[in-house]
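Input: a single structure, listed below in structure tokens.
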Amino acid sequence: MNIIQFQQNLIDYAASIGIDKIGFTSVSPFHELKNRLIRQQELGYASGFEESNIEKRVHPKMLLEESSSIISIAIAYPSKMKDAPQSVKGARRGIFARASWGIDYHTVLREKLALLELYILTHIPDAKLRSMVDTGELSDRAVAERAGIGWSAKNCSIITPEFGSYVYLGEMITSIPFAPSEQMEEQCGDCRLCLDVCPTGALIQGGQLNAQRCIAFITQTKTMVPDEFRTKIGNRIYGCDTCQTVCPKNKGKANLHQESFKPDPELVKPLLLPLLKMTNRTFKETYGHMSGAWRGKNPIQRNAIIALAHFKEQEAVPTLIDLMQNDARPVIRGTAAWAIGKINSKDGLLALKEAEQHEQVEEVLEEIRKGLEYYTIEN
């Protein structure tokens, strides 16, 4: 078989099934990435969600011994939402980051990669293949950069000329010796908007992120949110888009063409109070198809409480008092107590004083005392 012709046929097929970009690279080790990953671990900047074995992340042949090349794919997702509902007093809303709009991208990209695998195996039955999306060992961004999908930007995203940084990435290690694509030159230049506006200073320098300070990471944790980040989260209930929305390279990139990722406004910008009353079953039925649901309802509900405190939503106080008094989860009880203090209603003060007498968990008691301190400060 003529590999050059087959490679072009594969590119054409990828476009026909809705893959927005495809590129190819070798299976040479990612030596530069290895140094960065080691440094990230030494500094304590890693999120903990990554593959822990650095060697597997930088040596593709450890994942597929017969490998000769890697295919990188990108699918664009929307940056704009039509008919977005307004967040108003008495009906406050949170927001899911754009990367959680529509169907879970892991599902969509895996389906596309599975179709590519089938196409390849139909023409080259003895090909060895291994695909992955996000949770695999390889760094999606490192592969995409080397495969010419886009350049690695200061905000730690891959930026494409066509779709900006609003792209999902996946890859396939193959035993087929595809010709490598040409890499793109970095085009951020002197711009540092993303670094300057990051709410928590998580972007240490161009291309270096302290994930422990990144709101996108913090909103996915399951523990109490550290004090310094609570006022920074605002009404974000999953993820953060700030470093993308300020990027000049994303200006005008609406990316509305992928049906799978078109958002339901009521789901991606949901009313906060109903979220707090959802059972596990209702949450899964409502949000289970979205990538933002992968950690379950607990972090989302905790973040919704923080958002209500951000708005100082008085109508939320009865619900927050009920959570503080009756919820079985210490993180929810504690966050509710803190939020009651931030909102600063008379009913809240009485409820906090009562809760202080009955709460047994020290972590929650600490939050109750923080809530009480707000009354001292403001009154």
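Pairs linking a residue in the stretch 306-330 that is closer than 19 Å to GLY90 by Cβ and in the same structural domain as LEU365 (by TED's automatic domain parsing) to a residue that is part of a helix (DSSP H, G or I) and of a type in the set (Phe, Trp, Tyr), with Cβ atoms under 8 Å and 6 or more positions apart or on different chains, are ALA309/TRP338.
Residues in the stretch 359-368 that are in a helix (DSSP H, G or I) and under 14 Å from ALA336 (Cβ atoms): GLU363, VAL364, LEU365, GLU366, GLU367, ILE368. Does PHE49 count as surrounded by 14 or more Cβ atoms within 10 Å (Cβ to Cβ), within 30 Å of ALA254 (Cα to Cα) and aromatic (Phe, Trp, Tyr)? Taking the combined requirement at face value, the residue does not satisfy it.
I'd like the full set of residues that are closer than 16 Å to THR376 by Cβ and of a type in the set (S, T, N, Q), limited to the stretch 334-351. The answer is ASN344, SER345. As a summary of the residue check, THR122 satisfies the conditions (1) under 25 Å from HIS257 (Cβ atoms); (2) of a type in the set (S, T, N, Q); (3) part of a helix (DSSP H, G or I) except for the one numbered (1). Residues in the stretch 73-108 that are closer than 24 Å to TRP294 by Cα and either assigned to a strand (DSSP E or B) or of a type in the set (Phe, Trp, Tyr) (or both): ILE73, ALA74, ILE75, ALA76, TYR77, ARG93, ILE95, PHE96, TRP101, TYR105. The residues in the stretch 114-136 that are under 27 Å from the mean Cα position of the chain (by Cα), at pLDDT 95 or above and among the hydroxyl-bearing types (Ser, Thr, Tyr) can be counted, and the count is 1.
For the stretch 287-303, the condition of being touching a Gly at 6+ places or on another chain (Cβ under 7 Å) and in a loop (DSSP other than H, G, I, E, B) holds for none of the residues. Suppose the filter is in a loop (DSSP other than H, G, I, E, B) and surrounded by 16 or more Cβ atoms within 10 Å (Cβ to Cβ); does MET172 pass it? The answer is no for MET172.
Restricting attention to the stretch 194-205, the residues that are out of contact with any helix residue (DSSP H, G or I) (no Cβ under 7 Å at 6 or more places or on another chain) and either farther than 18 Å from GLY44 by Cβ or buried (at least 18 other Cβ atoms within 10 Å of the Cβ) (or both) add up to 2.
When the stretch 191-239 is filtered for residues that are more than 30 Å from GLU362 (Cα to Cα), outside any loop (DSSP other than H, G, I, E, B), over 16 Å from the mean Cα position of the chain (by Cα) and among the hydrophobic types (A, V, I, L, M, F, W, C), the ones remaining, listed by number, are LEU193, CYS194, LEU195, VAL197, ILE204. For the stretch 298-338, give me each residue that is under 25 Å from PHE49 (Cα atoms), of a type in the set (Lys, Arg) and buried (at least 21 other Cβ atoms within 10 Å of the Cβ). Selection gives ARG302 alone. Just checking, does the stretch 9-19 include any residue being surrounded by 19 or more Cβ atoms within 10 Å (Cβ to Cβ) and either farther than 30 Å from ALA127 by Cβ or among the β-branched types (Val, Ile, Thr) (or both)? Yes; the residues of the stretch 9-19 include at least one that is surrounded by 19 or more Cβ atoms within 10 Å (Cβ to Cβ) and either farther than 30 Å from ALA127 by Cβ or among the β-branched types (Val, Ile, Thr) (or both). Check whether at least one residue in the stretch 80-91 is among the hydroxyl-bearing types (Ser, Thr, Tyr), modelled with pLDDT under 95 and within 30 Å of LEU272 (Cα to Cα), and report yes or no. Within the stretch 80-91 (the criterion being among the hydroxyl-bearing types (Ser, Thr, Tyr), modelled with pLDDT under 95 and within 30 Å of LEU272 (Cα to Cα)), the answer is no, since none of the residues qualifies.
The values are calculated or read from the model by the stated rules, or taken from the named source; none is laboratory data. As the structure is a computational prediction, the values presented were derived from the model and not from experiment. So basically every Cβ, Gly included, is an ideal-geometry build from the backbone, and we count neighbours across all protein chains shown.
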